Amino acid sequence: MEFISKAIPFYASLAKDLGQDVLHPTAIHRILSSVEEQNNWMVASDKEVLSRFISSEILNNNNTAIHASFGLGAVQEAKTMKPFAVLQRYQAFLKQHHQFVQESFVYERLVVSQQGVQYKDIVAKKVVFAEGAGIVYNPYFTIDISPKGKNVFVGNKGEYIIIKAPLLQSEAILKGPVMVIPLGDDLYKVGASYGRDDFSLHPTQEASKDISDKLKKMISCDFELVDQVAGIRPTVKDRKPLIGCIQEAKTLSFLNGLGTRGLTMAPQLAAHLFNYLEEDIPIPEIMDIKRFVH
């Protein structure tokens, strides 16, 4: 709830700056596969912390292309975002204000002193590294070589497929063994896989087959594989974010380890980091990066 209460107004404010909507209301339907799952859904809908988001009414499935003989659970107040489009629009916004530079960062060009940092002709008091899985290449990210911090950043490869399924005709996101997200024009994003052994950015046949097999348990219509995408999730061994400073000085800081819920968590985590850097308000210990260096 803390993350959601911060994220919704943040993205509303961002939408005003960009002049376009960022969040879009959507329906999410959980496919219930048994009487037990029906009961669990009803129990969850009675919990105070969840009742706002989980409808107590189980919907009948009227779509013959969907396997849901035990009905559908509806998620309330759900919203979607198109991150790539938002980032492109925000980059354009920053460029208009001369606040964005698009180039590869060269760590060796960063000069760190007691007064602050300098990178080429940019002089600042602090730098924040928000690099996702690329953090493993950051020479200032030193906790992985300490005994307590060994293998702090574990990473998690995820793959999804894009399918074309004209007969599916679903406007709602479907949740079952995988997520099925409508993209328009009979296209759907389906996934995602989880893998800790392969950290390449290349899609694999194994993931495609696994996702397709799970999809076939959810829908009965034919579908065509259109595309496949792979990426590395920035995950941490204790599944908590990495924010703050490794060194006592606040010159170099990190905002990382957001895992699979980055869009929801980022506004609140960024606020924690800002309050720490500018107001000296302590970061909650559970997400402070120093938990691995003390």
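The values are calculated or read from the model by the stated rules, or taken from the named source; none is laboratory data. Everything numeric in this text was worked out from a predicted model, so none of it was measured. Cβ coordinates were reconstructed from backbone atoms using ideal geometry, including for glycine residues, and neighbour counts include every protein chain displayed. Just the protein is used for accessible areas: all its heavy atoms, side chains included, with ligands, DNA and RNA removed. Shrake-Rupley method; radii C 1.70, N 1.55, O 1.52, S 1.80 Å.
Per-residue answers, yes or no, for (1) part of a strand (DSSP E or B); (2) open to solvent by 50 Å² or more (accessible area, probe 1.4 Å); (3) among the acidic types (Asp, Glu):
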{"position": "ILE232", "(1), (2), (3)": "yes, no, no"}
{"position": "LEU269", "(1), (2), (3)": "no, no, no"}
{"position": "LEU277", "(1), (2), (3)": "no, no, no"}
{"position": "ILE286", "(1), (2), (3)": "no, yes, no"}
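For the structure I just gave you, tell me whether ALA192 is crowded, with 16+ Cβ neighbours inside 10 Å, under 30 Å from THR251 (Cβ atoms) and out of contact with any Leu (no Cβ under 8 Å at 6 or more places or on another chain). Before the answer, list the steps.
Numbers: crowded, with 16+ Cβ neighbours inside 10 Å: yes; under 30 Å from THR251 (Cβ atoms): no; out of contact with any Leu (no Cβ under 8 Å at 6 or more places or on another chain): yes.
Here the answer is no, as ALA192 does not meet what is asked.
I need a count of the residues in the range 50-66 that are open to solvent by 70 Å² or more (accessible area, probe 1.4 Å) and either within 26 Å of ASP186 (Cα to Cα) or β-branched (Val, Ile, Thr) (or both).
3
Taking the conditions exactly as written (open to solvent by less than 80 Å² (accessible area, probe 1.4 Å), farther than 21 Å from PRO182 by Cα and among the hydroxyl-bearing types (Ser, Thr, Tyr)), does SER69 satisfy them or not?
Criteria not met by SER69.
Would you kindly identify the strands (runs of 3 or more DSSP E) lying entirely within the range 122-173 that contain at least 3 residues that are under 22 Å from SER212 (Cβ atoms)?
Values: elements: 122-124, 127-129, 156-164.
Passing ranges, in order: 156-164.
What number of residues within the range 195-230 satisfy the criterion of being open to solvent by 60 Å² or more (accessible area, probe 1.4 Å), polar (S, T, N, Q) and outside any loop (DSSP other than H, G, I, E, B)?
Total satisfying the criteria: 1.
Being in contact (Cβ under 8 Å) with a residue 24 or more places away in the chain and open to solvent by 100 Å² or more (accessible area, probe 1.4 Å) is the filter here; which residues of the range 120-129 pass it?
LYS125 - this is the single residue of the range 120-129 that is in contact (Cβ under 8 Å) with a residue 24 or more places away in the chain and open to solvent by 100 Å² or more (accessible area, probe 1.4 Å).
I want to confirm something. Restricting to the range 234-253 and keeping residues that are of a type in the set (D, E, K, R) and farther than 17 Å from ASP144 by Cβ, which single residue is least open to solvent (accessible area, probe 1.4 Å)?
Within the range 234-253, the first condition is being of a type in the set (D, E, K, R), and the residues that meet it are 237-240, 248, 250.
Remaining after also requiring farther than 17 Å from ASP144 by Cβ: 248, 250.
Details: GLU248: 137, LYS250: 51 Å².
The extreme case among them is LYS250.
Anything in the range 235-246 that is within 15 Å of LEU273 (Cβ to Cβ) and assigned to a loop (DSSP other than H, G, I, E, B)? List them, or say none.
Correct list: LYS240, PRO241, CYS245, ILE246.
I need the full set of residues from the range 42-58 which are under 23 Å from the mean Cα position of the chain (by Cα) and outside any loop (DSSP other than H, G, I, E, B), in order please.
ILE54
Which condition from (1) open to solvent by less than 70 Å² (accessible area, probe 1.4 Å); (2) closer than 30 Å to LEU174 by Cα; (3) in contact with a helix residue (DSSP H, G or I) (Cβ under 8 Å, 6 or more places away or on another chain) is the one that VAL75 breaks?
Every listed condition holds for VAL75 apart from (3).
If you check every pair at least six apart or on different chains, which have Cβ atoms under 7 Å apart with a residue in the range 20-36 that is over 18 Å from PRO182 (Cβ atoms) first and a residue that is surrounded by fewer than 17 Cβ atoms within 10 Å (Cβ to Cβ) and of a type in the set (Gly, Ala, Ser) second?
Short answer, once both residue conditions are applied: VAL22/ALA15.
Out of curiosity, is VAL117 surrounded by 11 or more Cβ atoms within 10 Å (Cβ to Cβ), β-branched (Val, Ile, Thr) and touching a residue at least 40 places away in the same chain (Cβ under 8 Å)?
Criteria met by VAL117.
Between a residue in the range 272-294 that is within 16 Å of LYS150 (Cβ to Cβ) and any residue that is of a type in the set (S, T, N, Q) and at pLDDT below 95, which pairs come within a Cβ distance under 8 Å, given they are 6 or more apart or on different chains?
From residues that are within 16 Å of LYS150 (Cβ to Cβ), the pairs are PHE292/SER146; VAL293/SER146.
Could you list, in sequence order, the residues of the range 63-80 that are polar (S, T, N, Q) and not in a strand (DSSP E or B)? Working first, answer last.
Within the range 63-80, the first condition is being polar (S, T, N, Q), and the residues that meet it are 63-64, 69, 76, 80.
Selection gives ASN63, THR64, SER69, GLN76.
Assuming THR264 fulfils every condition listed in (1) under 30 Å from ALA165 (Cα atoms); (2) not in a helix (DSSP H, G or I) apart from one, which condition is it?
Of (1) under 30 Å from ALA165 (Cα atoms); (2) not in a helix (DSSP H, G or I), only one is false for THR264: (2).
I need the full set of residues from the range 181-226 which are of a type outside the set (A, V, I, L, M) and in contact with a helix residue (DSSP H, G or I) (Cβ under 6 Å, 6 or more places away or on another chain), in order please.
GLY191, SER193
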